[in-house]
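The values are calculated or read from the model by the stated rules, or taken from the named source; none is laboratory data. Only a predicted model underlies this, so the values are computations on that prediction, with no experimental measurement involved. Glycine also receives a Cβ, built like all others from the backbone with ideal geometry; neighbour counts cover every protein chain displayed. What goes into the accessible areas is simple: the full protein's heavy atoms, side chains included, and nothing from ligands, DNA or RNA. Shrake-Rupley method; radii C 1.70, N 1.55, O 1.52, S 1.80 Å.
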Amino acid sequence: MSKLQIAIHDHRDALGQAAARIAAEALRAACDRSKAATLVVATGSSQFEVLAALRAVPSIPWDRITIFHLDEYVGLDAGHPASFRRFLHDRFIDLLPTAPAAFHELQGTAVDPLAECARLAALVPAAAFDVSLIGIGENAHLAFNDPPADFAGEEPYHVVTLDDDCRKQQVGEGWFPSLVAVPTQAISMSVRRILASRLIVCSVPDARKAEAVRNSVEGSITSAVPASILQTHPNCHLLLDRESASLLKRPESVVS
Ligand code: GLP
């Protein structure tokens with residue numbers, strides 16, 4: 001039975017505020033408990049309001065928080081408008097009131113992407129991450145794990161091939177001018193490593209995501225719908241807006 005904690009918000013700003021509150025509370029608790037915390041950050045339009053709200057929450061001890069990067073295109077320069085490193089620096093890391101303990105960004109332009117995966121693998125903690133902020137793609141991907149996603153791979157990061165639906169989404173959101181401009185490969189955190197998080201805050205606004213949300217929440221757990229694996233996580237908050245929740249048969253709660 002699904003353990004997802006689902007909330008449906010009136011608009012994406014409220015969704016972002018709620019996601020930030022949940023994440024901030026867990027980060028503070030982790031810092032109180034063990035003097036330090038780990039946070040995974042995603043990119044994409046779903047994270048605009050979440051990251052803006054989180055960096056504005058007062059009294060988060062960022063200097064004790066180590067930040068990991070969920071995914072990045074292979075071969076895309078850090079200065080490209082669609083670069084996730086650029087996204088995270090411009091919208092979050094460089095705007096924090098205090099520098100984080102560390103930000104382990106993925107170098108998508110590394111000469112050897114597999115070696116880059118290995119470099120990051122040596123940096124991730126043996127224990128679960130304290131908080132992971134993620135989204136769900138139009139094709140129900142988690143990070144850049146497109147269907148059929150590998151649910152079994154043990155390595156923290158791997159090189160993946162992006163499917164056409166995923167690449168079309170990036171054009172549709174305006175990050176690239178055409179499909180051929182979208183890289184075909186990425187470095188992505190693996191599904192198993194994402195699940196190895198004490199708390200997952202999954203933020204999914206927008207009507208474009210309604211079908212992926214319905215399949216992930218009400219369908220069976222299958223690699224054809226990567227985000228369906230979230231049903232197995234013991235502490236995953238799924239934050240929706242009315243549009244992304246519009247195809248659900250049984251909306252569990254309406255928060256604001
Ligand atoms: C994107 C990013 C991920 C993100 C997910 C949802 O393409 N690779 O970091 O979690 O897929 O993003 P979006 O909000 O653009 O749908």
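Among the numbered conditions (1) within 20 Å of T184 (Cα to Cα); (2) open to solvent by 20 Å² or more (accessible area, probe 1.4 Å), the only one that D146 does not meet is (2).
Residues are listed down the side, and each one gets a yes or a no for (1) touching a Pro at 6+ places or on another chain (Cβ under 9 Å); (2) at pLDDT below 95; (3) of a type in the set (G, A, S); (4) within 15 Å of the ligand (Cβ to nearest atom):
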| residue | (1), (2), (3), (4) |
| --- | --- |
| I187 | yes, no, no, yes |
| C202 | no, no, no, yes |
| D206 | no, no, no, yes |
| R214 | no, no, no, no |
| G219 | no, no, yes, no |
| Q231 | no, no, no, no |
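Look at (1) touching a Pro at 6+ places or on another chain (Cβ under 7 Å); (2) within 23 Å of R192 (Cβ to Cβ) and you find that R12 fails only one, number (2). Of all the listed residues (P226, P234), the sole one being under 23 Å from F68 (Cα atoms), surrounded by fewer than 16 Cβ atoms within 10 Å (Cβ to Cβ) and in contact (Cβ under 8 Å) with a residue 40 or more places away in the chain is P234. Residues in the range 65-95 that are surrounded by fewer than 17 Cβ atoms within 10 Å (Cβ to Cβ) and either in contact with a Cys (Cβ under 8 Å, 6 or more places away or on another chain) or closer than 19 Å to A26 by Cα (or both): there are none. A Cβ distance below 6 Å, combined with a sequence gap of six or more or placement on separate chains, defines the contacts here; from the range 131-153, residues that are under 17 Å from V217 (Cα atoms) reach residues that are surrounded by fewer than 24 Cβ atoms within 10 Å (Cβ to Cβ) and among the basic types (K, R) in the pairs E138/R208.
Checking each residue in the range 151-170 for being open to solvent by less than 40 Å² (accessible area, probe 1.4 Å) and among the hydrophobic types (A, V, I, L, M, F, W, C) picks out V160, L162, C166.
So, in the range 115-125, of the ones that are in contact (Cβ under 8 Å) with a residue 12 or more places away in the chain and assigned to a loop (DSSP other than H, G, I, E, B), which residue ends up least open to solvent (accessible area, probe 1.4 Å)? Selected residue: V124.
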